[in-house]
1. Quick check, is Ile275 assigned by TED's automatic domain parsing to the domain that holds Leu230, part of a helix (DSSP H, G or I) and of a type in the set (Val, Ile, Thr)?
2. Which is touching a residue at least 24 places away in the same chain (Cβ under 8 Å) and among the aliphatic types (A, V, I, L, M), of Leu216, Leu154?
3. Go through the stretch 282-334 and give me each residue that's under 25 Å from the mean Cα position of the chain (by Cα), loosely packed, with under 14 Cβ neighbours inside 10 Å and over 23 Å from Glu163 (Cα atoms).
4. One residue is enough: does the stretch 341-362 have a residue meeting the conditions farther than 26 Å from Ser282 by Cα and in contact with a strand residue (DSSP E or B) (Cβ under 9 Å, 6 or more places away or on another chain)?
5. Tell me, yes or no, whether the stretch 162-169 has at least one residue that is part of a loop (DSSP other than H, G, I, E, B) and within 17 Å of Ser323 (Cβ to Cβ).
6. Among the residues of the stretch 173-215, write down those that are among the charged types (D, E, K, R) and touching a Phe, Trp or Tyr at 6+ places or on another chain (Cβ under 9 Å).
7. So which of Lys241, Lys200, Lys218, Lys227 is exposed (fewer than 15 other Cβ atoms within 10 Å of the Cβ) and under 22 Å from the mean Cα position of the chain (by Cα)?
8. May I ask you to list the residues in the stretch 325-345 that are aromatic (Phe, Trp, Tyr), in contact with a Ser or Thr (Cβ under 9 Å, 6 or more places away or on another chain) and over 14 Å from Ile157 (Cα atoms)?
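The values are calculated or read from the model by the stated rules, or taken from the named source; none is laboratory data. Nothing here was measured: the structure is a model prediction, and the numbers come from that model. So basically every Cβ, Gly included, is an ideal-geometry build from the backbone, and we count neighbours across all protein chains shown.
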Amino acid sequence: MTKIKFSILLILISLSSIYSQHKIRETFSEKFVPFVEIYSEKGDLIGITDIKGAISSDLEDKIRTSKTTNLTFVNSLYITTALSIEEYNNTQIISLNKVSIELSEVVITKPKTYKYLKLKGYFRSLQINEDKPHYFIDGIAEIYISLKSGKTKLKIISNRSFENKSVKQLSKTFFFMVAGVPTFNEFSNFESLNAEYNLKTVNNSQTNILDQETSLEKGTIATVNNKSNLQLEIISQSKPKIMKALGMETDYNNYTINSIYENNEIQKINSENIIYYKEIRSYDIKRKQKDKFQKVEATHEFYLLEKEYVNELGTKQFDNFYSFKRPNKFNERYWEKVDNQYFQPLPKSIEKYIEENLMLTEK
């Protein structure tokens, strides 16, 4: 009898644990929101929800041990939302409002003679080391994509580059710096995505992306406001990518992309139709075997402003992707004039931390 009571107690505890899990859902909908970033009031990225919009038990523990007083929830398709920790604890289902978009049709013809696609846009990137924002860069950039080979070249037109001098690097001689303009991942293109994953149509507005070996769901393609939204977890904490070179070990434990396209046909998901791109990366790095791992997280975004087909490159001098460009170069407050329907300012917690702790680089 005692054993039966004990078993029932374990079941009840297990059920309690399951039902106390927080989830993030779209307001006025039964749709749960995947890959939502959760930030503390200090501007550090605590973690990301899973493909089902659920906050895992590990992430719940991180939120609890962080002793944060406020949480900010970020996803490109939804209005950034902040909650006090008390509101969070008392709300099992967190609702996010979808970004309101005005529908407009843009038609650009592409004569066969053109050699390059030129994408001009606003970019921003934040690198967080050991839960502290370390580098922040934003600016205006032009990306040239060869229509023949698919190879890309980058020119940064304007930029602001901020650094937190109080955050230490891996060593005095080794710097790990990835803040900069992102390249579009190969799987943001339908042909590459379809070759690597199994795509399963759920209904007219959603396609699930499944791992070919395990059939686990890795992402979704959804039709929203007559546009396509791709969200994909390429590398996960459950299956990290471990790299070792020159005595350094890098455990690559999260790589997620989120991109939006100016069409509602998944076959047309490619760089020619992209209007927004974001990726989130997480690493654990150590310089020597005896060293402790240092946690590094980075977000990279690109908001399309102008698209043009050209035959000539606009410059002979190019910049590197994922490069923290110095010094600053800007004549106007371009960050206040980002004409992209999906643009949202940085979360207030991050803006405040950058303002108080990071400085514009001189050289």
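1. no
2. Leu154
3. Glu306
4. Looking for residues that are farther than 26 Å from Ser282 by Cα and in contact with a strand residue (DSSP E or B) (Cβ under 9 Å, 6 or more places away or on another chain), one finds at least one in the stretch 341-362, hence yes.
5. Within the stretch 162-169 (the criterion being part of a loop (DSSP other than H, G, I, E, B) and within 17 Å of Ser323 (Cβ to Cβ)), the answer is yes, since at least one residue qualifies.
6. Glu196, Asp211
7. From the options Lys241, Lys200, Lys218, Lys227, the qualifying one is Lys241.
8. Result: Tyr342, single match.
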